[in-house]
Amino acid sequence: MHVVIVGCGRVGSTLAVGLVGAGHTVAVIDRKPESFTRLGENFGGTTIAGIGFDRDILLEAGIEKAQAVAAVTNGDNSNILIARVAREKFGIEKVVARIYDPKRAEIYERLGISTVATVKWTSERILRRILPDLPAVEWTDPSSNVVLVEREFPNSLVGKGAIDLDLPGVRLSVIRRLGVALIPDSQTLVQQSDVGYFAVETDALENLDKHLARGSS
């Protein structure tokens with residue numbers, strides 16, 4: 001596919017190099033031409049100096065043939081504007097914007113623009129290392145009706161059937177066991193230190209946590 005990346009900082013340059021290495025075509029836009037040095041001398045994509053939401057710059061980057069756009073500058077306002085122009089003016093379906101403000105990220109997710117809220121993502125993972133018992137939400141759908149949550153299985157559930165733990169509005173999707181992920185079936189039993197990833201309707205999240213808490217008592 002052809003991908004347009006706006007912003008050639010550490011994230012943008014890493015994305016660009018990785019995509020080119022995977023065989024895709026890439027055009028990178030940044031206001032500062034010196035930023036392109038992060039791409040290395042052998043970068044096989046296109047670099048364009050300019051404003052990422054400028055129509056002519058986007059056309060030069062090949063946005064009309066692009067299948068995806070990543071807005072990863074260091075400014076929320078710029079990333080939001082770039083994402084909206086790509087989605088609304090050029091009809092690009094796969095648009096991702098890096099957003100530092102978690103509240104803004106939630107708003108734009110509901111508008112159909114995928115976001116990566118770096119501050120929220122980083123802080124949640126740091127907290128999870130400091131407080132391993134902290135309930136974790138991995139993903140929320142744009143309508144906020146379904147979440148994907150990570151939960152540790154209590155020792156009292158060891159030896160029990162994994163899929164037997166499904167509750168109304170709850171579905172166990174994946175188990176992480178000793179660093180390896182697996183999809184549970186009717187033969188899968190919970191083992192000590194297993195971590196489950198549950199797809200949960202928002203209204204059923206409290207019931208899941210109560211069920212796991214009862215299991216650990």
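We did not get these values from a lab; they are worked out from the coordinates using the rules stated. Owing to the predicted nature of the structure, the values given are computational and were not obtained by experimental measurement. Note that each Cβ is placed from the backbone with ideal geometry, even for glycine, and that neighbours are counted across all protein chains shown.
With no solvent and one point on each alpha carbon, what is the Debye value of log10 I(q)/I(0) for the chain at q = 0.08, 0.15 Å⁻¹? The Debye formula, applied to the Cα set alone, gives -0.39, -0.96.
Projecting the Cα atoms of Thr115, Phe36, Ala83 onto the charge dipole of the chain (Cβ charges, centred on the Cα centre) puts Phe36 farthest toward the positive pole. Take the convex hull of the alpha carbons in segment 19-70; its mean projected area over all directions comes to 3.6 nm².
Sort Ser114, Ser78 so the one with the fewest other Cβ atoms within 10 Å of its own Cβ comes first.
In order of increasing Cβ crowding within 10 Å: Ser114, Ser78.
A Gaussian network model of the chain, with springs between Cα atoms under 10 Å, assigns the largest mean-square fluctuation among Gly21, Gly179, Gly12 to Gly179. For Lys89, which lysines qualify as cross-link partners when the Cα separation must be under 27 Å and same-chain residues fewer than eight apart are set aside? Output for Lys89: Lys32, Lys65, Lys103. Counting only lysines at least 8 places from Lys210 when in the same chain, those with an alpha carbon closer than 23 Å to its own are Lys160.
What does the charge count near Ala71 come to, summing +1 for each Lys or Arg and -1 for each Asp or Glu among other residues with Cβ under 11 Å from its Cβ?
In short, +2.
For segment 152-217, the relative contact order is 43 percent, taking Cα pairs closer than 8 Å that sit 6 or more residues apart in sequence and dividing their mean separation by the residue count.
Contact order for the chain, expressed relative to its length and based on alpha carbon pairs under 8 Å spaced 6+ residues apart, stands at 13 percent. By other beta-carbon atoms within 10 Å, ranking Ile82, Ile57, Ile107 with the fewest at the front produces Ile107, Ile57, Ile82. Of the residues Ala86, Ala22, Ala199, which exhibits the maximal mean-square fluctuation in a Gaussian network model of the chain defined by a 10 Å Cα contact cut-off? Of Ala86, Ala22, Ala199, the Gaussian network model singles out Ala22 as fluctuating most. Segment Ser193..Ile107, full-extension length gain: 27.4 nm, with 0.36 nm per residue of separation and the alpha-carbon distance subtracted.
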